[in-house]
Amino acid sequence: MSSKDVEKFKHTCPACRAEYPCEKLVYQCDCGSKVIVKVNLNDIEVSRKEMLSRREKDLPSIERYFEFLPLLNRKNLVHLGEGNTPLVHAKNLGRRLAMPHLYLKNEINNPTGSFKDRPINVGLNRALEFGAETVASASSGNAANSLAAGSAKANIRCVAFVPADAPRSKIAQLLLYGAEVIPVGRTEGYLGDPTVEMLTKCYQELGFHPIPSFGHLNPYQMEGAKTIGYEIAEDMVPNHMLIPLGGGGLYLGNYNAFSEYKELDIVDELPVMHAVQGAGCAPLVKAFRKNKPIETWEEPRTIAAGLADPFTWDGERVLTALKENGGLAIGVEDGPIVEAQKLLARYEGIFAEPTGSASLAGLFKLVDEGVISKDETVVVEVTGHGFKDLVQVEGLFEMPGPIRPDMKDVRKRLRI
Ligand SMILES: *Cc1c(COP(=O)(O)O)cnc(C)c1O
């Protein structure tokens, strides 16, 4: 290992200030707190031009952004083609909303159908650097699916703790990838996230590599969420971005990516980045409004199930980032989320799940409130595929009944 590698990134504990060298695998600080990883930018010498030329080569994210990720071994990287998603100029939807500069970062194009493929791929490769044989996830379904698909490719065991009420299609997807799926129910009066508790115990008692999408038990994969931000920053610096928020990893990925690119002079400024939660599970929004510490949300209830983390694991860092870039934290109701889902499909041909549509519902709200004006440039992150919960979509429509094989019936049906 060269001395450059040793310096590549640092682990630090924000609680006790302990530091660990990068060649060590650190999931948690010895003091029990979470650790934070920071990549050393001093050794990175890339220009915007260089990054764009890598894009031409169509490299997978993990190779394209290798210097920026907490990985040491460029060889034997496992990937399924994560990232490299399109930033779509949403002309039809923009016309409908009278917003000519509306862009959608279409993350449903990722291999398992959600942006979670980006962070989890980094967490998985870090675990593989240390010879992982069993990895485990706690997830409403998407992060677990990212891990299950990657584990299939890496040929290792994957255990997935999911909420007992997770959509059946997400569970089926997991089973198909060969994951061992364990749905966990809530016992009465239980506060918190039972899947995370089981994941923590499996790490402590069984030595499984914990790879959730948040930083509480693993600092590495959150760095993988930065790749979405680098891609957008290489395309443009919009006035506003709308980012759905559950644990906070996606938000921080975007924020840190733009901050790093600014430090490297690849961009001149940061967009204003807004965080969007479901109104029925909005612990971060509550803390943001009241300017108080984040508390556990007691009864999560939102159609955006992928955002229903009762506790915003990385929320404190998000609150700091929001203050720095002037973004707001807002909650959106189920109605506007479904409306956004319908508009994405009807006007742009993008089939997103409610979790992946919440950000657009957030845009409606901020335009209504006059925070965003219609002529500004806006990027909305559409993060998860609609195929992940077909039962939800079926519930939106009355299924059309059959006709006789007769043109009369066709004309009647089409009102021609
Ligand atoms: C997890 C998830 C989010 C939220 O990301 P966090 O990193 O948990 O804040 C948004 N959209 C989809 C589709 C997700 O699966």
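Between Arg301 and Leu390, what length in nm is gained on full extension when 0.36 nm per residue of separation is reduced by their alpha carbon distance?
Gain in length upon complete extension: 30.1 nm.
In percent, what relative contact order does the chain have, based on Cα pairs under 8 Å that are 6 or more apart in sequence?
Details: 845 pairs, mean separation 63.8, N = 416.
So the answer I get is 15 percent.
May I ask you to compute the full-extension gain from Glu56 to Cys16, defined as 0.36 nm times their residue separation minus their alpha-carbon distance, rounded to one decimal in nm? Mind showing how you got there, number by number?
Working: separation 40, 0.36 × 40 = 14.40 nm, distance 4.37 nm.
My answer for the length gained is 10.0 nm.
Pairs of lysines 8 or more apart, or on different chains, with alpha carbons under 15 Å: count those in the range 188-346, would you? Write down the numbers at each step before the final one.
Details: Lys226/Lys262; Lys286/Lys323; Lys290/Lys323; Lys292/Lys323.
Final tally of qualifying lysine pairs is 4.
Taking Cα pairs under 8 Å and at least six residues apart, what relative contact order does the range 1-43 come out at, in percent? All intermediate terms of the calculation are to be shown ahead of the outcome.
Values: 59 pairs, mean separation 18.2, N = 43.
Dividing the mean separation by the residue count of the range 1-43 yields 42 percent.
For the cross-link pairs Lys34/Lys57; Lys8/Lys116; Lys57/Lys91, which exceed 26 Å when the distance is taken from alpha carbon to alpha carbon? Can you show the working numbers first?
Numbers: Lys34/Lys57 37 Å; Lys8/Lys116 24 Å; Lys57/Lys91 28 Å.
Flagged as over cut-off: Lys34/Lys57; Lys57/Lys91.
At Leu191 and Glu7, where each label point lies 7 Å from the Cα along Cα→Cβ, what is the point-to-point distance in nanometres?
Each label point lies 7 Å from its Cα, and together they span 4.7 nm.
What residue among Asp406, Asp389, Asp30 has the largest mean-square fluctuation in a Gaussian network model of the chain, using Cα springs under 10 Å?
Asp406
Kindly identify the range 194-298 as rounded, prolate or oblate by the Cα gyration tensor criterion: order the square roots of the eigenvalues as a ≥ b ≥ c, call it rounded if a/c is under 1.5, otherwise compare a/b with b/c, prolate if a/b is larger, else oblate.
Values: a/c = 2.86, a/b = 1.41, b/c = 2.03.
In terms of gyration-tensor shape, oblate.
Could you put Ile350, Ile211 in order, starting from the residue whose Cβ has the fewest other Cβ atoms within 10 Å?
Numbers: Ile350 23, Ile211 33.
In increasing order of surrounding Cβ atoms, one gets Ile350, Ile211.
When His385, His274 are ordered from fewest to most other Cβ atoms inside 10 Å of their Cβ, what list results? Intermediate results must be reported in sequence, preceding the final value.
Details: His385 21, His274 27.
In increasing order of surrounding Cβ atoms, one gets His385, His274.
Report the Cys residues of the chain lacking a disulfide-compatible partner, meaning no second Cys Cβ under 4.7 Å from their Cβ.
Cys22, Cys158, Cys202, Cys281
Give me Leu245, Leu97, Leu176, Leu71 ranked fewest to most by other Cβ atoms within 10 Å of their Cβ, as a rough exposure proxy. Write out the running numbers ahead of the final one.
Numbers: Leu245 30, Leu97 18, Leu176 12, Leu71 23.
Ordered by Cβ neighbours within 10 Å, fewest first: Leu176, Leu97, Leu71, Leu245.
If you build a Gaussian network model of the chain, linking Cα atoms that sit under 10 Å apart, which residue out of Lys91, Lys323, Lys38 swings the most?
Per the Cα network of the chain with a 10 Å cutoff, Lys323 tops the list.
Quick note: the coordinates plus some simple rules give every number you see, no bench work behind them. Please read all numbers here as calculations on a predicted model, not as lab measurements. Here the Cβ is made from the backbone with ideal geometry for all residues, glycine too, and neighbour counts use every protein chain on show.
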